[in-house]
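The values are calculated or read from the model by the stated rules, or taken from the named source; none is laboratory data. These numbers were taken from a predicted model, which means no experiment stands behind them. All Cβ positions, even for glycine, are placed from backbone atoms using ideal geometry, and neighbour counts span all protein chains on display.
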Amino acid sequence: MASNETHQKIDSNGQPDSQLTEDTIMTVDKLGMKFGQKTVFQGLTFTLKRGEFLSVLGENGIGKTTLIRILLQQLRPTAGEVSFLPSRSQVTIGYVPQFRNVDTEYPLTVKDFVGLALHDHLTPWWSKHEKQRLNQVLHETDLTRIAHIPLGRVSGGELQKAYLAQALIRQPQLLILDESTASLDNNMKFELLDLVKQYQQHTQAAVIFVTHDLPLTKKYSTNFLLMQPGPYQLGTIDQLNETVLEAAHA
Amino acid sequence: MLNYPFMQNAFAAGTLIAIVSGIVGVFVVARNMSFLTHTLSEIGFAGAAFGLFVGWTPLAGMLLFTSVSSVAVGQLSSKASRREAAITSISALAIGLGILFLSLSNQNASSATNILFGSVIGISRTSVLQVAILALAVIVVIMAVYRSLKFDSFDAVGARVAGIHGTTLAIIFLVALAFSVSVAAQIVGSLLIFILLTLPASAAKYFAHGVGSMIGLAILFALIGVWLGLALSYWTNWPVSFFIAVIEVLFYFIGLIFNRFTARN
């Protein structure tokens with residue numbers, strides 16, 4: 001069980017959290033990224049624990065997506081390292097992006113799209129157990145009603161729910177939401193994050209939520225990482241106040 | 001009609017080609033590789049002409065050229081910004097080479113016509129056996145990577161996060177596609193291969209909404225096109241590829257209309 005109490009605030013000049021506990025799922029140590037001569041960020045150090053909901057804030061272009069791509073091992077950092085505990089192969093990561101290559105003619109149904117993530121078996125058809133898991137996750141994400149509608153014809157909110165369902169079907173220990181609520185209306189934003197919170201409460205998964213949305217951050221997060229030019233800021237959500245945000249924009 | 005051995009061979013080879021095209025075509029369409037398939041058909045033409053030039057069978061030359069170049073073309077066109085230019089340049093080179101090899105091999109015009117447009121009467125019992133072996137190889141490869149290929153083709157972003165190695169999978173698929181192109185060329189000819197590899201699957205996606213059902217329907221559309229095309233060609237003495245093209249285009253337009261109708265409702 002993660003707790004805010006054990007999470008120490010660390011700034012970019014500070015030391016890495018030395019209190020690795022059995023709840024720790026990921027450590028980021030002195031992480032840096034440069035594209036050519038341009039430094040995107042450097043010295044980024046933090047730990048992520050099970051049950052923690054970390055919001056990653058910051059202006060466009062500050063390196064939030066770069067950080068996520070490093071965590072997903074799609075980019076190699078130029079400095080520092082990311083470690084998963086007990087190991088990368090034992091941590092399943094679910095990823096929910098803002099956009100995907102889905103247009104109005106995308107043919108697969110919601111159910112078939114979600115089921116794509118069941119890729120471990122060799123048989124072309126789903127096993128009984130896989131069908132049960134698929135139906136369960138569709139039910140949990142409130143998609144059963146539209147399960148047989150082509151994904152290209154559902155609303156933006158339902159699309160995001162389908163992305164979430166696909167990420168959840170493999171029961172990830174780490175769920176990354178990359179601006180997943182950015183294109184949704186207000187009600188749908190809360191509905192989507194309620195589903196995430198429900199999943200988190202059942203599984204103690206860690207969540208990383210990249211966003212610009214402060215009301216959502218304050219309602220759902222346990223911690224925040226504010227990326228900004230100069231030293232970044234990291235803390236518990238009650239430490240995220242106007243002073244911190246003003247300093248970030250100064 | 002079916003009393004003639006050449007028609008029996010044509011129907012047997014056509015059936016195998018339709019099945020392979022239906023399966024592979026669904027992934028071609030999902031991976032937006034229709035244009036690449038078109039280019040592979042031109043490379044197939046160059047390969048067949050090369051086969052004639054060096055004294056091999058056209059199929060052997062096609063297999064060599066399409067297999068090697070499919071991977072090269074796939075890698076060259078991995079960046080969307082240069083995809084069209086890369087594919088167009090290789091396509092131009094292939095057609096040029098095809099014409100050169102035909103010219104050097106001193107083959108008559110009917111050889112070129114057969115390669116480009118296919119020939120029903122050119123299919124021997126041995127050709128059917130070759131097509132059967134190649135078709136089986138393609139189906140086995142696709143089935144071995146089916147779930148990963150399905151994920152990568154219909155949701156590349158999700159597949160990457162799930163740890164599926166996209167490059168390896170792309171190479172496996174491109175080689176399977178090259179084999180399919182070489183197989184399909186036996187009936188419809190190298191210029192019109194993309195008909196069977198893209199149109200049945202493009203039409204199927206408007207009627208079916210699961211990968212399995214899309215494959216089933218694409219096979220059905222391809223089978224109807226090939227069988228009906230062969231029969232009409234026999235009765236009218238017109239080219240079989242003309243009929244297959246018309247039938248598959250018809251399926252596609254019916255699909256478009258059906259999609260517009262269902263989307264409105």
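Results for (1) closer than 30 Å to A:R69 by Cβ; (2) modelled with pLDDT under 85; (3) more than 14 Å from chain A (Cβ to nearest Cβ), shown as yes or no for each residue.
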{"residue": "B:S153", "(1), (2), (3)": "yes, no, no"}
{"residue": "B:F173", "(1), (2), (3)": "yes, no, yes"}
{"residue": "B:F179", "(1), (2), (3)": "no, no, yes"}
{"residue": "B:G189", "(1), (2), (3)": "no, yes, yes"}
{"residue": "B:K205", "(1), (2), (3)": "no, no, no"}
{"residue": "B:G210", "(1), (2), (3)": "no, no, no"}
{"residue": "B:T236", "(1), (2), (3)": "no, no, yes"}
{"residue": "B:A245", "(1), (2), (3)": "no, no, yes"}
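When B:T168 is tested against (1) touching a residue at least 24 places away in the same chain (Cβ under 8 Å); (2) more than 9 Å from chain A (Cβ to nearest Cβ), only condition (1) is not met. Could you please give the count of residues in the range A:45-91 that are of a type in the set (S, T, Y) and either within 26 Å of A:K219 (Cβ to Cβ) or surrounded by 20 or more Cβ atoms within 10 Å (Cβ to Cβ) (or both)? Counting residues in the range A:45-91 that are of a type in the set (S, T, Y) and either within 26 Å of A:K219 (Cβ to Cβ) or surrounded by 20 or more Cβ atoms within 10 Å (Cβ to Cβ) (or both) gives 4. Checking the condition hydroxyl-bearing (S, T, Y) and within 11 Å of chain A (Cβ to nearest Cβ), which residue from B:S119, B:S148 passes? The unique qualifying residue is B:S148.
Tell me, yes or no, whether the range B:251-263 has at least one residue that is away from every other protein chain (no Cβ under 14 Å), more than 30 Å from A:V96 (Cα to Cα) and touching a residue at least 40 places away in the same chain (Cβ under 8 Å). Scanning the range B:251-263 turns up at least one residue that is away from every other protein chain (no Cβ under 14 Å), more than 30 Å from A:V96 (Cα to Cα) and touching a residue at least 40 places away in the same chain (Cβ under 8 Å).
Take the residues of the range B:1-35 that are without any contact (Cβ under 8 Å) to a residue 60 or more places away in the chain and in a helix (DSSP H, G or I): which is nearest to A:R100 (Cα to Cα)? Here the answer is B:F35.
Residues of the range A:203-230 that are among the hydrophobic types (A, V, I, L, M, F, W, C) and in a helix (DSSP H, G or I): A:L214, A:L216.
Kindly check whether there is at least one residue in the range B:27-35 that is farther than 25 Å from B:S213 by Cβ and either small (G, A, S) or surrounded by fewer than 23 Cβ atoms within 10 Å (Cβ to Cβ) (or both). Give the derivation first.
Start the filter on the range B:27-35 by keeping residues that are farther than 25 Å from B:S213 by Cβ, which leaves B:35.
From what is left, the residues that are either small (G, A, S) or surrounded by fewer than 23 Cβ atoms within 10 Å (Cβ to Cβ) (or both) are B:35.
Yes: the range B:27-35 contains one or more residues that are farther than 25 Å from B:S213 by Cβ and either small (G, A, S) or surrounded by fewer than 23 Cβ atoms within 10 Å (Cβ to Cβ) (or both).
Condition check: within 8 Å of another protein chain (Cβ to nearest Cβ) and assigned to a helix (DSSP H, G or I). Does A:Q200 satisfy that? Give the derivation first.
Values: within 8 Å of another protein chain (Cβ to nearest Cβ): no; assigned to a helix (DSSP H, G or I): yes.
In short, no.
Only one of the numbered conditions (1) surrounded by fewer than 18 Cβ atoms within 10 Å (Cβ to Cβ); (2) more than 14 Å from chain A (Cβ to nearest Cβ); (3) outside any helix (DSSP H, G or I) is violated by B:I133, and that is (3).
From the residues in the range A:68-123 that are among the acidic types (D, E) and over 21 Å from the mean Cα position of the chain (by Cα), which one is farthest from the other protein chains (Cβ to nearest Cβ)?
The initial filter retains those residues of the range A:68-123 that are among the acidic types (D, E), namely A:81, A:103, A:105, A:112, A:120.
With the extra rule that they be over 21 Å from the mean Cα position of the chain (by Cα), the set shrinks to A:103, A:105, A:112, A:120.
Details: A:D103: 11, A:E105: 7, A:D112: 5, A:D120: 7 Å.
Among those residues, the one meeting the criterion is A:D103.
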